[in-house]
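Beneath this line is the structure, given in structure tokens, with notes to follow.
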Amino acid sequence: MIPVAKLQRSTAVKLLLIAAVVFLSAKYSRLTPFDYSTGLFYDTHILIDTPGCKVQLREWHSTDQSASTHRQVCVGREPPVNFDFDRPFLNHARLDNTYGIHSFRDVSCYYAGLDTAADTFASDRRPRPFEKAWRNMTTGIRLDAEYFRLRCLHKANPIYDGLHLVARRSDHPADAKTTSKPKEKHNVLVVSVGASSRSEFERNFRYTADFLRHSLYSHELRGYSAVGSGSFPSAVALLGGMTAGEAWSRSAGSYYDALPLLWNDYKKTGHWTLYIEETPAEGAFVDPVDRGFLRKPTDHYPLAMASRMSAPDETDSSRETDSGISDKQPSMCSGYRLRSKALLDYASELAEAGAARPFFAFINLKDSSRNDTKAHVLDKPLQTFLASLERWNASSETTLVLLSDVGQSHWDTGITEHGMPFCFVKLAPFLVKRYPWAASSLTTNERRLTTPYDVHATLKALATQPGELSLEPTRRGRSLLAPIPADRTCIDASVPKEYCACTDTSNQDSPLASPGTLSLARRALEFINNATSSLPSLKDQCTTLALRRVEHVDEHQSSVISSSTSASTKVLIIVSTVPPAIFSVRARKMTALTNDKAEAGGRSGTNQGHHESEITDVDRIDRYADGDSKCVSLVNFKLRRYCYCKDTARQETS
């Protein structure tokens with residue numbers, strides 16, 4: 001006879017197993033797998049669904065999680081010196097454990113400040129020299145330089161050489177128009193992670209995403225749309241509330257100093273200001289003619305030091321092992337740490353050193369994030385930086401905006417694969433208590449169509465704090481502290497058609513295996529294979545990709561017929577390959593109409609006319625791992641995405 005307790009346990013186990021099966025079935029029923037044998041599938045999400053806009057995110061990825069593995073990137077030893085802001089102290093434990101030096105009297109350190117003479121314009125990206133005279137660095141002294149090179153010797157033998165930024169203990173410079181110190185502090189921190197889409201953020205920034213959602217309880221704007229391609233259109237929309245064309249026009253072909261950017265508003269209300277560019281050569285305010293700023297746009301503007309840290313001669317000794325970055329491109333490392341981490345540490349120290357006054361900071365991180373296979377290295381430093389605000393109690397006084405500026409997508413077909421930007425907003429807790437309706441509006445706006453213009457309108461209104469909070473819309477934006485209309489369209493939001501992610505009802509699915517579709521797919525793979533085989537540096541390194549099948553096709557016919565009497569159809573094709581990879585192919589099909597059709601406005605349903613097609617972009621969009629392209633040593637990131645290394649392919653098939 002079976003004991004009752006044992007029977008109950010057996011029944012409970014069976015019930016748990018049944019519940020687990022039901023849960024997993026419900027979870028994966030949302031997935032549309034196309035090949036379980038390779039572990040590749042896609043997941044479709046409805047990001048927003050309002051009367052004015054519906055956005056779908058179709059994310060193609062792989063169950064291979066190796067791409068998100070966090071590992072050491074920069075090589076090198078930490079300095080034998082610690083810094084308490086601008087005061088150095090010899091680290092005896094590190095000298096002993098890392099350098100094997102036990103006699104500290106034989107160690108001497110020197111520093112040379114970066115030449116920041118005002119004989120050049122502020123945005124000059126050419127690496128500046130260091131002062132020729134080396135100064136002795138004595139424990140506890142106050143350094144005379146904010147940016148400097150540090151060298152340490154042991155019995156006249158060099159043991160360390162690196163670049164450093166420190167926050168100096170000094171009163172922050174005050175603008176002539178600055179009013180008295182505000183009675184109540186309100187900080188604003190804006191961090192832009194360049195060229196990182198929603199999908200890439202979810203994959204590569206897991207620590208940061210978890211911290212934003214579960215520690216800071218930030219609002220995630222799921223309908224956040226780009227308004228242009230690249231950093232400049234995003235930056236001028238965010239900081240100036242204007243289009244790139246308007247910014248160029250207002251600057252009258254000169255520098256950007258006269259633009260009404262947000263940090264100027266905050267300067268007037270007693271804030272000290274900071275603007276950091278991780279990669280000055282590709283900064284937010286570097287347009288085709290490289291104008292930038294004539295004078296320092298903010299109180300702290302470490303562009304000269306970032307340029308120096310980016311120079312090849314400063315990064316050669318810190319190459320990533322097996323990273324695929326050639327000597328033609330500066331590494332993302334500066335000595336033993338990421339350049340982005342060095343700049344984030346500097347920003348954190350500035351905020352702590354200047355805690356007596358409120359601040360406005362704009363930080364643009366691009367070099368570490370733009371390479372999808374390496375972007376995860378920025379995750380932990382970014383999460384640590386955000387957590388540092390809580391360590392010294394600045395989080396309760398700080399409004400945080402973390403976003404990306406990506407502007408490339410498959411939006412013209414109404415389905416966004418991986419190109420939609422992300423945006424998180426955390427309103428300062430004391431403002432939430434003062435304006436509880438503002439937090440409610442942010443919750444509502446999580447599912448509305450929003451833009452950088454709206455973030456600008458919000459931050460511009462907050463610059464008046466602790467005064468009256470204005471909710472008046474700007475020319476192109478609406479404050480996120482008031483509900484965005486549910487019927488808002490891309491036209492209402494000033495989103496150009498080519499960047500509009502809203503689904504168009506005129507979209508249609510085409511037969512997957514039609515001759516025209518197969519022809520485009522094969523041409524795209526031919527282009528990829530030619531690109532990877534024609535370069536001497538890639539010769540015999542990359543596998544020839546073969547078409548496995550067409551997985552998805554979307555077409556969107558233009559409602560505008562040109563004066564040359566031709567109709568165009570934009571096409572998105574998703575293809576899978578052998579070895580296993582997923583590529584998106586964007587193309588444009590043009591139909592030259594006959595005179596009869598042209599006179600009828602092109603509305604005829606006949607098949608008359610001559611068809612031509614043009615491939616406009618090919619990109620890899622699955623969650624591929626670092627190892628797929630480890631054989632490539634190229635500056636061009638897209639070619640890395642194209643290459644499936646032969647060694648990896650052989651391992652996959654063995």
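Within the range 238-266, the residues that satisfy the criterion of being surrounded by 18 or more Cβ atoms within 10 Å (Cβ to Cβ) and either part of a loop (DSSP other than H, G, I, E, B) or modelled with pLDDT under 85 (or both) are 241, 242, 243, 255, 256, 257, 259, 261. For the subset of the range 530-543 comprising residues that are crowded, with 17+ Cβ neighbours inside 10 Å and either of a type in the set (S, T, N, Q) or assigned to a helix (DSSP H, G or I) (or both), which member is modelled with the lowest pLDDT? Applying the filter and picking the extreme gives 538. Is there a residue in the range 478-488 that is without any contact (Cβ under 8 Å) to a residue 24 or more places away in the chain, closer than 19 Å to residue 49 by Cα and more than 26 Å from the chain's Cα centre (by Cα)? No, the conditions are met nowhere in the range 478-488. Please indicate, with yes or no, whether at least one residue in the range 105-123 is under 36 Å from the mean Cα position of the chain (by Cα), in contact (Cβ under 8 Å) with a residue 40 or more places away in the chain and more than 23 Å from residue 334 (Cα to Cα). The answer is yes, given that some residue of the range 105-123 is under 36 Å from the mean Cα position of the chain (by Cα), in contact (Cβ under 8 Å) with a residue 40 or more places away in the chain and more than 23 Å from residue 334 (Cα to Cα). Among the residues of the range 611-644, those identified as of a type outside the set (Val, Ile, Thr), modelled with pLDDT of 70 or more, under 22 Å from residue 523 (Cα atoms) and surrounded by fewer than 21 Cβ atoms within 10 Å (Cβ to Cβ) are 612, 613, 614, 617, 619, 639. The set of residues in the range 124-159 that are outside any loop (DSSP other than H, G, I, E, B), under 22 Å from residue 94 (Cα atoms) and not hydrophobic (A, V, I, L, M, F, W, C) comprises 136, 149, 151, 154, 157, 158.
May I ask you to verify whether residue 548 is over 31 Å from the mean Cα position of the chain (by Cα), at pLDDT 85 or above, exposed (fewer than 15 other Cβ atoms within 10 Å of the Cβ) and more than 25 Å from residue 229 (Cα to Cα)? For residue 548, the condition - over 31 Å from the mean Cα position of the chain (by Cα), at pLDDT 85 or above, exposed (fewer than 15 other Cβ atoms within 10 Å of the Cβ) and more than 25 Å from residue 229 (Cα to Cα) - is not met.
The values are calculated or read from the model by the stated rules, or taken from the named source; none is laboratory data. Owing to the predicted nature of the structure, the values given are computational and were not obtained by experimental measurement. As a convention, Cβ positions derive from the backbone with ideal geometry for all residues, glycine included, and neighbour counts pool all protein chains shown.
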